[in-house]
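Okay, structure first, notes after.
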Amino acid sequence: MNLRVKSVEASMADAADHERSLRRSLGTWDLALMGIAVAVGAGIFSVGAKAAADFAGPSVTISFILAALTCGLAIMCYAEFASTVPVAGSAYTFTYATMGELLAWIIGWDLILEMFTGAAVIAKYWGVYLGEALLAVGIPFPATIEIAGLEVSWPSFLIVAVFTALLVAGTKLTARVGSVFTIIKVAIVLFVIVVGFFFINAANYVPFIPESVPTEGGSSDVWAQSLFSWATGAEPAQYGIFGLLSAASLVFFAFIGFDVVATSAEEVREPQKRLPRGIFLGLAIVTALYVLVSIVMTGMVSYTELAEEETPSLATAFRLVGQDWASAVISIGALVGLTTVIMVLLLGLSRIVFALSRDGLLPRWLSKTTEHTKTPARIQIIGGSVVAVVAAFTDVGLLEEMINIGTLSAFVLVSLGIVVLRRTRPDLPRGFRVPWSPVLPIISAVLCLWLMLNLTTLTWVRFLVWLVIGIVIYLLYGRRRSRWGDAGVSEVELPTPQGAPTAD
């Protein structure tokens, strides 16, 4: 069986194709801020509260650390790959170089799922938070309008359209705009943390890991159970050690997006040095912010009080200690936070489709970049338009967990890919090397697989349907149109390198 592995040299030559190349304009801080931009959204004010209330209690802090360590292991693998093969495509490109075209297509298809659903879901929430933020300061605001009998979230459509236009104008310009929003939202988060520390009651940290109790009615809904619980017959439980681990699966959502940073490898100056530094700096800052927020939140009020709320959040904790003013600040922080998440996910979506198109697995005409800005404008406009319509006209909230499973499946293959590439191409220069390989990459793959097993059975069914659709598209189109074909890379004419594009 021909795996159609695309060599690293072929990927690097593609990046030098003048008609289908991207401009190298990003530095270390651009990458770090991009990671913070996509990971710190509205979730920092809500996901920890939900995990503490329903699963872990005060030990949600450990859940965040476990999720960060799991993400960190996978990100180390991404950093090694990105510094070795600094071209667009992230996990898709890395898998193509190690495990062959079919798995590469599958992982590229998964990444499209992750970033498309992520951008649509977050855009929908952005419209909701815009209404809440304006109401919090006394301005009534209709977040939806009715068109032909349909409820349309026009703010969701508008924000996607604005960032699509910015991304077409240039990655560096978008990064600068995103940096301003990111600095503002981090300042708001730090302000909330500092104020919250004055309301901490140490008694709320006891017990730190609450005693395990069965989930009320948990086993009656098969689709709401985790795949692990369903397969093993284990009774769904809250709190205790398994509750802490379940919370880690939930809060892992807070760390998705760092793989998006790797999709911009082809647009980074000195990628062998700057990519690993930018990725790890961003992850460290995000982890510190989430841990501090969880410490403040569970210290301000008991987890049992949070559990009594229908939608617990950091704003709930401030309200329960009599500080209602904080809701307005948190609503504004959430709105600003979501803004940058949309931007980075739209960027990542276009770069994945760009890489698939450049290889012929999707129509090649999509991958042509503009002469002036060197951006894949066609992909950006088409992708942004579809995301805007879906976010404005449909209920995308049901697809939230699809973002997690798409990310984790990519993490698994990238982690295993490091082991393969170390054996098949030990000669390649690497700007960063995962220590203790193959042990750490294998541990990374196992931990990510464990987190996948803790997602619901309904999410797995939807994921399998998505995979089947992707395989059908590959067999009917991608396999036949692939530039590498059955003959192998060596027999395919590669573009003549014209030098890597440089920053303005």
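The values are calculated or read from the model by the stated rules, or taken from the named source; none is laboratory data. None of these values were measured; they are calculated from a predicted model. Reconstructed Cβ throughout: ideal geometry from the backbone, glycine too, with neighbour counts over all protein chains shown.
Assorted remarks:
- Exactly one residue among A317, A262 is modelled with pLDDT under 80 and either over 16 Å from V40 (Cα atoms) or out of contact with any Phe, Trp or Tyr (no Cβ under 9 Å at 6 or more places or on another chain) (or both), and that residue is A262.
- Selection of region 1-23 for residues being under 30 Å from V186 (Cα atoms) and surrounded by 23 or more Cβ atoms within 10 Å (Cβ to Cβ) yields only L22.
- Where L345 falls short, out of the listed (1) surrounded by fewer than 24 Cβ atoms within 10 Å (Cβ to Cβ); (2) at pLDDT 85 or above: (1)
- Filtering region 170-200 to residues that are of a type outside the set (A, V, I, L, M, F, W, C) and at pLDDT 90 or above leaves only G196.
Table: residues versus (1) surrounded by fewer than 24 Cβ atoms within 10 Å (Cβ to Cβ); (2) not in a helix (DSSP H, G or I).
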{"site": "G48", "(1), (2)": "no, no"}
{"site": "A51", "(1), (2)": "no, no"}
{"site": "F55", "(1), (2)": "no, no"}
{"site": "L66", "(1), (2)": "yes, no"}
{"site": "M76", "(1), (2)": "no, no"}
{"site": "P86", "(1), (2)": "no, yes"}
{"site": "T93", "(1), (2)": "no, no"}
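- Members of region 122-166 found to be in a strand (DSSP E or B) and either without any contact (Cβ under 8 Å) to a residue 40 or more places away in the chain or surrounded by 15 or more Cβ atoms within 10 Å (Cβ to Cβ) (or both), listed by number: I145, E146, I147, E151, V152
- L366 vs. criteria part of a loop (DSSP other than H, G, I, E, B), modelled with pLDDT of 90 or more, surrounded by fewer than 24 Cβ atoms within 10 Å (Cβ to Cβ) and not β-branched (V, I, T): no
- Residue match in region 348-361 (condition: farther than 30 Å from E19 by Cβ, in a helix (DSSP H, G or I) and either in contact with a helix residue (DSSP H, G or I) (Cβ under 6 Å, 6 or more places away or on another chain) or of a type in the set (S, T, Y) (or both)): no
- Residues being touching a helix residue (DSSP H, G or I) at 6+ places or on another chain (Cβ under 7 Å), of a type in the set (D, E) and closer than 23 Å to F253 by Cβ - total across region 293-341: 1
- Screening V329, V291, V296, V321 for residues that are of a type in the set (A, V, I, L, M) and surrounded by 22 or more Cβ atoms within 10 Å (Cβ to Cβ) leaves exactly one candidate, V296.
- Positions within region 409-442 being free of Cβ contacts under 8 Å to residues at least 60 places away in the same chain and of a type in the set (S, T, N, Q), in sequence order: S437
- Of the residues making up region 48-70, one or more are among the polar types (S, T, N, Q), under 30 Å from S212 (Cα atoms), touching a residue at least 24 places away in the same chain (Cβ under 8 Å) and in contact with a Phe, Trp or Tyr (Cβ under 6 Å, 6 or more places away or on another chain).
- Filter pass, A391 being closer than 24 Å to I403 by Cα and in contact (Cβ under 8 Å) with a residue 12 or more places away in the chain: yes
For (1) in contact with a His (Cβ under 9 Å, 6 or more places away or on another chain); (2) among the aliphatic types (A, V, I, L, M); (3) more than 26 Å from V180 (Cα to Cα), each residue gets a yes or a no:
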| residue | (1), (2), (3) |
| --- | --- |
| L361 | no, yes, yes |
| R364 | no, no, yes |
| K374 | no, no, no |
| V390 | no, yes, yes |
| D395 | no, no, yes |
| L413 | no, yes, yes |
| G417 | no, no, yes |
| R423 | no, no, yes |
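- Residue in region 201-218 that is surrounded by fewer than 20 Cβ atoms within 10 Å (Cβ to Cβ), out of contact with any His (no Cβ under 6 Å at 6 or more places or on another chain), charged (D, E, K, R) and at pLDDT 85 or above present: yes
- Failed item in (1) hydroxyl-bearing (S, T, Y); (2) modelled with pLDDT of 85 or more; (3) closer than 30 Å to A326 by Cα, with Y129 passing the rest: (2)
- A single entry from I279, I256, I352 fulfils the requirement of being closer than 30 Å to V8 by Cα, crowded, with 20+ Cβ neighbours inside 10 Å and in contact with a Leu (Cβ under 6 Å, 6 or more places away or on another chain): I352.
- Count of region 8-61 residues which are in contact with a Ser or Thr (Cβ under 8 Å, 6 or more places away or on another chain), under 23 Å from F116 (Cα atoms) and aliphatic (A, V, I, L, M): 8
- Residues (assigned to a loop (DSSP other than H, G, I, E, B) and within 19 Å of L306 (Cβ to Cβ)) located in region 320-344: V321, G322, Q323, D324
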